[in-house]
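Enquirer: Just dropping this structure here.
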Amino acid sequence: MYGSVSIRTMDITTADVECIVNAANSSLLGGGGVDGAIHRAAGPDLLRECRALHGCKTGEAKITGGYCLQARYVIHTVGPVYTGAPRDAELLRSCYWNSLELARAHGIRSIAFPAISTGVYGYPLRPATEIACQTVADWLSAHPDSPMAVLFACFDDRTSDVYREVWGKLGGNYVSERRSDPV
């Protein structure tokens, strides 16, 4: 694999990447958690652009500018609300895969993901992390010529520890850093 993976405890809005992924709601008009933080940090122009997108379905992804963020782009994806049904895993996998495909289509070479659906959408952390890591590993394997640098931007050390453990069990190499940015 040509791409790389980093795992870091940090505020995703400060990630030094070309694109950050927003764990958005279907309206794309902002909300709580990561979604609200990204909208606040990006400024009002992000909301204006999101209005023109007319929402997003669960598992799909749409791209906007990053505005006041360090990242040039924001990819908005809507994770599933956890029900325990097998479809939840399919939809969560689609969030990661479709975000990476959209990034690739726009020539983006570095992307930061939050732990999609693990907040108010209630997806248990470990199964969500297994899906996230496996999907990124599968995508990087399917695109061995891609220089994509993937950052898992984890909100807290507990989340980072789970990502490190799961990624390590997949046999993947990664760069790991503890918190350096205020969360």
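The values are calculated or read from the model by the stated rules, or taken from the named source; none is laboratory data. All figures in this text were calculated on a predicted structure; none of them were measured in a lab. Reconstructed Cβ throughout: ideal geometry from the backbone, glycine too, with neighbour counts over all protein chains shown. Quick note on the areas: whole protein, heavy atoms, side chains included, nothing else; ligands and nucleic acids left out. Shrake-Rupley method; radii C 1.70, N 1.55, O 1.52, S 1.80 Å.
Enquirer: Have a look at GLY66, GLY55, GLY3, GLY36 and point out the one that is surrounded by 15 or more Cβ atoms within 10 Å (Cβ to Cβ), at negative phi and either hydroxyl-bearing (Ser, Thr, Tyr) or modelled with pLDDT of 95 or more (or both). Explain how you work it out, then say what you get.
Expert: On the way: GLY55 fails: at negative phi; GLY3 fails: either hydroxyl-bearing (Ser, Thr, Tyr) or modelled with pLDDT of 95 or more (or both); GLY36 fails: surrounded by 15 or more Cβ atoms within 10 Å (Cβ to Cβ).
None of the other options fit; the residue is GLY66.
Enquirer: Scan the range 77-95 for residues that are more than 15 Å from LEU125 (Cα to Cα) and either open to solvent by 40 Å² or more (accessible area, probe 1.4 Å) or among the hydroxyl-bearing types (Ser, Thr, Tyr) (or both) and report the count. Full working, then the answer.
Expert: Going residue by residue through the range 77-95, those that are more than 15 Å from LEU125 (Cα to Cα) are 77-78, 85-87, 90-91, 94-95.
Checking the rest, the ones that are also either open to solvent by 40 Å² or more (accessible area, probe 1.4 Å) or among the hydroxyl-bearing types (Ser, Thr, Tyr) (or both) come to 77, 85-87, 90, 94.
Selection size over the range 77-95: 6.
Enquirer: Still on this structure: Give the range 59-75 a look and list any residue that's touching a Ser or Thr at 6+ places or on another chain (Cβ under 8 Å) and of a type outside the set (D, E, K, R), or say none.
Expert: GLY59, ALA61, LEU69, GLN70, TYR73, VAL74, ILE75, listed by residue number.
Enquirer: Among the residues that make up the range 110-124, is at least one of them more than 19 Å from ASN25 (Cα to Cα), open to solvent by 40 Å² or more (accessible area, probe 1.4 Å), assigned to a loop (DSSP other than H, G, I, E, B) and not hydrophobic (A, V, I, L, M, F, W, C)? Step through it out loud before you land on a result.
Expert: Start the filter on the range 110-124 by keeping residues that are more than 19 Å from ASN25 (Cα to Cα), which leaves 110-111.
Retained after the next criterion (residues that are open to solvent by 40 Å² or more (accessible area, probe 1.4 Å)): none.
Within the range 110-124, none of the residues are more than 19 Å from ASN25 (Cα to Cα), open to solvent by 40 Å² or more (accessible area, probe 1.4 Å), assigned to a loop (DSSP other than H, G, I, E, B) and not hydrophobic (A, V, I, L, M, F, W, C).
Enquirer: Could you give every pair whose Cβ atoms fall below 9 Å, whose first residue belongs to the range 7-27 and is farther than 23 Å from GLY55 by Cα and in a helix (DSSP H, G or I), and whose second residue is open to solvent by 10 Å² or more (accessible area, probe 1.4 Å) and not polar (S, T, N, Q), counting only separations of at least 6 or pairs across chains?
Expert: What qualifies is THR14/ALA41; THR14/LEU69; THR14/ASP181; THR14/PRO182.
Enquirer: Test of understanding: among LEU29, LEU47, which residue is open to solvent by 60 Å² or more (accessible area, probe 1.4 Å) and in contact with a helix residue (DSSP H, G or I) (Cβ under 7 Å, 6 or more places away or on another chain)? Write out each step before concluding.
Expert: Numbers: LEU47 fails: open to solvent by 60 Å² or more (accessible area, probe 1.4 Å).
One residue alone meets the criteria, LEU29.
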